[in-house]
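The values are calculated or read from the model by the stated rules, or taken from the named source; none is laboratory data. Keep in mind it's a predicted model, so treat the numbers as computed, not measured. When we count neighbours, we look across all protein chains shown, and the Cβ atoms used for this are built from the backbone with ideal geometry, even at glycine. Quick note on the areas: whole protein, heavy atoms, side chains included, nothing else; ligands and nucleic acids left out. Shrake-Rupley method; radii C 1.70, N 1.55, O 1.52, S 1.80 Å.
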Amino acid sequence: MQPDGDRYWRRTSTLMWVMFAFWVFFSFVVHVFVEQLNAIKFLGFPLGFYMAAQGSLIAFVVMLFLFAKRQDTI
């Protein structure tokens, strides 16, 4: 493979693993600590409830746009 191709795949692979780490965080880690997060209020709702109902979904959509934009620059 050419040096440019190697650089492309290395950067793409790094981006993929970073996005995967964020996905794991918003999918599992946030929900594991839901009881502790419920002590914090966000827009009048317990933060744990908000993250389970809407916050994680919003994070996933933002991640998709960021991934697409970053991948275009790569």
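Numerical summary
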{"item": "Residues satisfying the stated conditions in segment 1-38, i.e. open to solvent by 90 Å² or more (accessible area, probe 1.4 Å) and assigned to a loop (DSSP other than H, G, I, E, B)", "result": "Met1, Gln2, Phe33"}
{"item": "Residue in segment 47-54 that is at pLDDT 85 or above and at negative phi present", "result": "no"}
{"item": "Candidate set: segment 39-74, residues that are within 18 Å of Trp23 (Cβ to Cβ) and among the basic types (Lys, Arg); chosen: the one most open to solvent (accessible area, probe 1.4 Å)", "result": "Lys69"}
